[in-house]
Amino acid sequence: MNTYRYILFSLLLSLGLFSSCFDDKGNYDYREIGEAVIKAIPGVTDNGDKLVCLENDDIRLTPEVEFKAGTSASDYEFIWFRYPKNPAGQPGHYEQADTLAMTQNLEYKVINTPREYWLVYKVKNKTTGALTEQKFEFVISAISGWMVLDENASGEADIQVIRDKDIVDGGDGRIVKDYFSFNNEGKKMENVRFMAICPFSSRANLYVYSDAGAYILDMSTYKEKADSYTDLFSSTVTLDQINPQAEHYDIYGGNVEVLVDNYKIYTVAYRMMGQTQFVAASGVDDYTAAPAIAPIRINGSANCAVLFDTKNNRFITVGTWGSITAPVSTGGAFNTGAIDPALEFVCMGEGKDGETCMVMRKKDSGEPYLFRASFVETDPVALTSDNLNGLKDMGVSKYYAFGTRGNFMFYATDSKVYTWRYGSESASEFMTVGEGEKIVQIKMYTNVSDATFNGKILFVATQKGNEGKVYKVVFNEMSGVAESSPVEYTGFNIIKDMYYR
C-alpha cells in the first residue's frame, strides 16, 4: 500500500514538474490581478526575443513596464537572472542561475567568455506578490566577423573586426577596433602580410603572417601564443629563407594544412599517430610554387588544394594525405601539366563546384587569359581556356575573385569592379569606388556553414592616402549582378588583408 502511494505521489509530482517545464518554454508573462505588465524590452523584443552581445560589452536595457494603477516602481521588486542553455555538471549538481542585477533597468559589463544563456526579467509586487516574468535568449558571442588587417603610417598593424549583420549572428554593423592589441596588452604587429586560420583541435591557430614568419594567435581569444614560426615545422625541415606566401587549411580533404614558404610547399596531414607539424611536401621535386593556394571545398574530393608551378607552367595538386602531384589531363581545353610557356601566372582561386580558376597574361603583350579546371577527382578535367582581351578594362585589371555559386568572375581596376559571366561577349560594371580611392583588394565571402550568404557577398578594400575603406556588396549568385547598393565601412588604416573569422 505504501508502495502504491509512493508511486501515485511520484506520478503526480512528475506531472506537475512536466507542466511547469512546459509552461517555462519561450517568452511568457504570468498574469495575476494587480500585476505589472512588461510591454517591451527595447533591443530584445524587437530583435526576435534575443540579445546578442560581445565579450567586454556594456549592456544597457530599459524595459517598458506598465504598473498597477496607483502604484509606482518603488512598490515592486526587480531581478535579472540568467542560466546556461547547456549547464555543465552532473544530475543534481548542475550549474545554478546567477543574478545579474536587482534593479528596474539592467546595466551590466560582460565578463564571461562566449556562451548561450537564458535571461529572465522578473517584476514582483511587494504587497500582493503578483509576478510578471519575461524570458529571452542571451548570447555572448565570440568576436567573429569580417577581419581587416591594417597598419598605420608607422607600420604598426592590428586587426579590426566588422560585425556585419549578414554574416554575424546579432551583428549590428559595429567595427571592433584594434582587437589584437586589446588582447595583448597594447602590443602591435609589424611587417604583416596576410591572415589564415587552422581550426584543427590540436593546433587551433589564427595566423598573421609577416616578413619575419608569423604571429600565432589563439583562434578564440586572439592572444598571442609563445610558439614561434619555426615551431610550426618538423625538425626535418630547414628553411632556406623565412618567406611565408600562402596558407590554407582544408576540413573536407582530411584535415590537411598547406603552406607556401619561399615558393616551396609544406603540408600537415593531421591523422591519428601522424603528422603534427609542417613537413616538406613530397611527390614532385622540380617545381617553383606560385604564392597562391586554391582550395577544393568538396567532401570526398581526391584533393584538398591546388597550386601552380611557375617553373614548368603546370598545376600541382595536394592530396588528402599531404602528398603533391602534377596531374596531366588527357583531353579538354588545354593540358593541365603543360601550359604555354609564353604565359605567366597572375592569380588563382576557388570557383564553382570545386573548380580552380587561374588568370594568366602573355609575357610580351600582357594579353589576359582565364583557365578553368577541375581537380576534384584524381584525373583532372581541363574545362575552358578563354582569351579575355576583349573585355572592358580587362587589360588594366589588377584584382580578381571567382564565383563559388555561379559561373562568373569579378575583376577590378584601380577604381571599378566588373563582373563577367563565363562565355558571354562583354562584362558589366559592378561598382565604382569613391573619388580619389584606389582599390587594393577584392575578396569573396566564403563560409560553408552559411547557406544564405556564402559565395554571395563581395568585399572590396580601398585606400585614399593612409585611409582605408571596405565596401560590402550582396550579389545574385547566378549572375554576379549586385542586388543592393554597397555598404561602406570606414576608419581603417592601410589595409593589408581581409579574412572571415
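The values are calculated or read from the model by the stated rules, or taken from the named source; none is laboratory data. Quick caveat: nothing in here was measured; it's all calculated off a predicted structure. Positions of Cβ are generated from backbone atoms using ideal geometry, with glycine treated the same way; all protein chains shown enter the neighbour counts. Note: areas computed on protein heavy atoms with side chains; ligands, DNA, RNA excluded. Shrake-Rupley method; radii C 1.70, N 1.55, O 1.52, S 1.80 Å.
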Linear extension gain, Ser282 paired with Ser449, 0.36 nm per residue minus alpha-carbon span
56.9 nm
Dipole moment magnitude, nearest 20 debye, the chain about Cα centre, only Lys, Arg, Asp, Glu C-beta charged
540
With n ≥ 4 as the cut-off for DSSP H runs, can you work out [θ] at 222 nm for the chain, using -39500 (n - 2.57) per run divided by the number of residues, rounded to the nearest 500?
-1500 deg cm²/dmol
Excluding residues fewer than 8 positions from Lys135 in its own chain, the lysines with Cα under 26 Å of it are Lys25, Lys39, Lys50, Lys68, Lys85, Lys109, Lys122, Lys124, Lys126, Lys165
GluC sites (Glu not before Pro) restricted to DSSP loop in the stretch 131-188 with at most 12 other C-beta within 10 Å
Glu185
Across 5 Å bins from the origin, how do the percents of Cα pairs in the stretch 213-279 run, short distances first?
4, 16, 24, 26, 21, 9, 1
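Determine the share of the chain's accessible area contributed by carbon and sulfur atoms, expressed in whole percent, with a 1.4 angstrom probe. Intermediate results must be reported in sequence, preceding the final value.
Numbers: 11510 of 23510 Å².
Taking all protein chains in place, the chain shows 49 percent carbon and sulfur surface.
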Using the alpha-carbon centroid of each, what span in Å lies between the stretch 290-332 and the stretch 38-58?
47
Measuring from label point to label point, each 7 Å out along Cα→Cβ, what is the Asp393 to Thr432 span in nm?
0.8
Within the stretch 356-381, whose backbone N sits under 13 Å from a point 7 Å along Cα→Cβ of Thr330?
378-381
Dividing the convex hull volume of the Cα atoms of the stretch 43-120 by its residue count, what figure in Å³ per residue is obtained?
122
Set the Förster distance to 30 Å, then compute FRET efficiency between Met102 and Phe182 from the Cβ-Cβ distance, nearest 0.05.
0.45
I'd like the orientation of helix 2-23 relative to the chain: the angle between its Cα long axis and the longest Cα principal axis, in ° from 0 to 90, rounded to 10.
60
Taking a ≥ b ≥ c as the square roots of the eigenvalues of the Cα gyration tensor, with a/c under 1.5 meaning rounded and otherwise prolate when a/b exceeds b/c and oblate if not, the stretch 458-501 is prolate
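Taking only protein heavy atoms and a 1.4 Å probe, what accessible area per residue, in Å², does the chain have with all protein chains in place?
Here the residues of the chain average 47 Å² of exposed surface.
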With log10 I(q)/I(0) by the Debye sum over Cα atoms at q = 0.08, 0.10 Å⁻¹ defined as stated, name the option among [x] -0.71, -0.88; [y] -0.63, -0.87; [z] -0.65, -0.96 computed from the structure displayed.
[y]
How would you rank 119-126, 430-437, highest first, on the average number of other Cβ atoms within 10 Å across their residues?
119-126, 430-437
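Determine the dipole magnitude for the stretch 417-501: charges of +1 sit on the beta-carbon of Lys and Arg, -1 on that of Asp and Glu, nothing else is charged, the reference point is the Cα centre, and the result goes in debye to the nearest 20.
About 260 debye.
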If each of Lys225 and Lys363 carries a label point 7 Å out from its Cα toward its Cβ, how far apart are those two points in nm?
4.1
Each label point is 7 Å from the Cα along the Cα-to-Cβ direction; what then is the distance between the points at Asn262 and Lys109, in nm?
4.8
